[in-house]
Amino acid sequence: MTQPSFDYLIVGAGFFGSICAHELTKRGKRVCVIDSRNHIGGNCYTEERNGIHLHMYGPHIFHTSNPEVWQWINQFVAFNQFTLRPVANYKGEIFSLPFNMWTFAKLWNITTPQEAKAIIETQSAHITQEPQNLEEQAIKLVGTDVYRKLIKGYTQKQWGKDPAELPASIIKRLPVRFTYDNNYFNDTYQGIPIGGYTQIFSQLLKGIELRLNTDYFKDELPTHDRVIYTGPIDKFYDYRFGELEYKTQTFTHEFKAQVPNYQGVAMMNFTDVETAYTRIIEHKHFDPVDLPHTWISYEYPVPYKASESEPFYPVNDTPNNTIYAKYKALADQEPKVSFGGRLAEYKYYDMHQVIESALNFIRNLTT
Ligand code: UDP
């Protein structure tokens, strides 16, 4: 029998795929990476335009509390000291995010944590049981005023669903603080790679066979022994148990030739339901450069169509998780295919969690 050309065919050049490619190559395996898009890096892809690194698929702020992950990524790139301190814009009124004393002080004209807690307790008194959905969870955490101005419209737009139909876990991603601390994350380490994310992937994939614009399902593939698949799991099985729902969005990027500082912050969330976009990103604030111009991006949520849209977020509600469990049961039986990353594991992973999961996957690989 002739030997296949590659030991591993890796489908997807995002974090999971690129890490596997890098680590397996180090172990002497013959690896080929394919990606259906025309670039590496998945949704972390950044592109330099006019001296500014644009996050082409929305803001990516690296954060982790895992020293191993932090050390691992620092082999490939230097990080700056960026801390995410986003601003919410509700019909022209500006609030601090995440929900912290700056937010509560502005909203209620108060100054102390005790006052803020008392107001939230009053506003959430009707939620007496364990919150069953995002709306109840949000009101329990921050009360009805914050919910109405900063959560309801934004969530409705982003997910295309009423917050009462979404899992409570989504809102628990955000810190609620009774201190004047507006760092969006609680993690020990945080920053933006100086010079953008793409260089990390270029280094991970250096010297490895890479085929862009190559579709696993349609194009001719090199012979291989095993597959590491990082795309949507339902697509892999031709949707036999039904389509999984993913949330997706599109971006319009705008160059502002005469504007050195458009909005004064990297990320501004538009939290009313009427404004069509969810956020405006001003990229130069992530990786600061002294230039007379700027690039901004509008982020628009759009309905997801399987096989047509670029999936971004899994929708981990009960119906979708039930379908996923069926696919997972099949995936677990595959002798030669492994599944990893946000889309294939149907998990709302952040970058550091994907890295952790890929490093663990490689560590546990016996062949
Ligand atoms: N969220 C909100 N208002 C905001 C920001 C976030 O209601 O201004 C809610 C919304 O439901 C969102 C969730 O919090 O889906 C998680 O937000 P996060 O910033 O973690 O989302 P991501 O950065 O992954 O898009």
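Table: residues versus (1) of a type in the set (F, W, Y); (2) surrounded by 20 or more Cβ atoms within 10 Å (Cβ to Cβ); (3) within 27 Å of V146 (Cα to Cα).
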| position | (1), (2), (3) |
| --- | --- |
| L205 | no, yes, no |
| R211 | no, no, no |
| P222 | no, no, no |
| P232 | no, yes, no |
| L244 | no, yes, no |
| P303 | no, no, yes |
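If you go through the range 192-203 one residue at a time, how many are crowded, with 19+ Cβ neighbours inside 10 Å and either in a loop (DSSP other than H, G, I, E, B) or among the hydrophobic types (A, V, I, L, M, F, W, C) (or both)? It would help to see each step written out before you state the result.
Applying the first criterion (crowded, with 19+ Cβ neighbours inside 10 Å) to the range 192-203 yields 192-193, 196-198, 200-201.
Adding the requirement that they be either in a loop (DSSP other than H, G, I, E, B) or among the hydrophobic types (A, V, I, L, M, F, W, C) (or both) leaves 192, 196-197, 200-201.
The qualifying residues number 5.
Could you check how many residues of the range 25-48 are out of contact with any helix residue (DSSP H, G or I) (no Cβ under 9 Å at 6 or more places or on another chain), farther than 15 Å from I208 by Cβ and outside any loop (DSSP other than H, G, I, E, B)?
1
Look at the range 182-241 and say how many of its residues are out of contact with any Phe, Trp or Tyr (no Cβ under 9 Å at 6 or more places or on another chain), basic (K, R) and over 17 Å from D7 (Cβ atoms).
Residues that pass the stated criteria total 2.
Just checking, does the range 90-105 include any residue being more than 16 Å from the ligand (Cβ to nearest atom) and among the aliphatic types (A, V, I, L, M)? Give the derivation first.
Step one: of the range 90-105, the residues more than 16 Å from the ligand (Cβ to nearest atom) are 101, 105.
Checking the rest, the ones that are also among the aliphatic types (A, V, I, L, M) come to 101, 105.
Yes, the conditions are met somewhere in the range 90-105.
Specify the residue that is farthest from the chain's Cα centre (by Cα); the eligible residues are those in the range 182-191 that are within 14 Å of the ligand (Cβ to nearest atom) and surrounded by 19 or more Cβ atoms within 10 Å (Cβ to Cβ). Give the steps one after another, and end with the answer.
First pass over the range 182-191, keeping only residues within 14 Å of the ligand (Cβ to nearest atom): 182-187, 190.
Within this subset, residues satisfying the condition of being surrounded by 19 or more Cβ atoms within 10 Å (Cβ to Cβ) are 182, 184-185, 190.
On the way: N182: 20, Y184: 14, F185: 14, Q190: 15 Å.
Of everything passing the filter in the range 182-191, N182 is farthest from the chain's Cα centre (by Cα).
For P311, which of the numbered conditions (1) closer than 21 Å to E345 by Cβ; (2) modelled with pLDDT of 95 or more fails to hold?
Going through (1) closer than 21 Å to E345 by Cβ; (2) modelled with pLDDT of 95 or more one by one, P311 breaks only (2).
Filter the range 261-284 for residues that are in a strand (DSSP E or B) and of a type in the set (D, E, K, R); which is farthest from the ligand (Cβ to nearest atom)? Explain how you work it out, then say what you get.
Filtering the range 261-284 down to residues in a strand (DSSP E or B) leaves 267-270, 279-282.
Cutting the leftovers down to of a type in the set (D, E, K, R) gives us 279, 282.
Numbers: R279: 8, E282: 16 Å.
So the residue we want is E282.
What do you reckon, is I139 crowded, with 21+ Cβ neighbours inside 10 Å, more than 26 Å from T188 (Cβ to Cβ) and more than 11 Å from the ligand (Cβ to nearest atom)?
It is true that I139 is crowded, with 21+ Cβ neighbours inside 10 Å, more than 26 Å from T188 (Cβ to Cβ) and more than 11 Å from the ligand (Cβ to nearest atom).
Identify all residues within the range 148-181 that are in contact with a Lys or Arg (Cβ under 7 Å, 6 or more places away or on another chain), at pLDDT 95 or above and either within 12 Å of the ligand (Cβ to nearest atom) or in a helix (DSSP H, G or I) (or both); write none if there are none.
The answer is P163, and nothing else.
Anything in the range 101-131 that is among the aliphatic types (A, V, I, L, M) and more than 12 Å from D145 (Cα to Cα)? List them, or say none. So that I can check it myself, show each step before the final result.
Narrowing the range 101-131 to residues among the aliphatic types (A, V, I, L, M): 101, 105, 107, 110, 116, 118-120, 125, 127.
Listed by number, the residues that qualify are M101, A105, I110, A118, A125, I127.
The values are calculated or read from the model by the stated rules, or taken from the named source; none is laboratory data. None of these values were measured; they are calculated from a predicted model. Ideal geometry is used to build each Cβ from the backbone, glycine not excepted, and the neighbour counts take in all protein chains shown.
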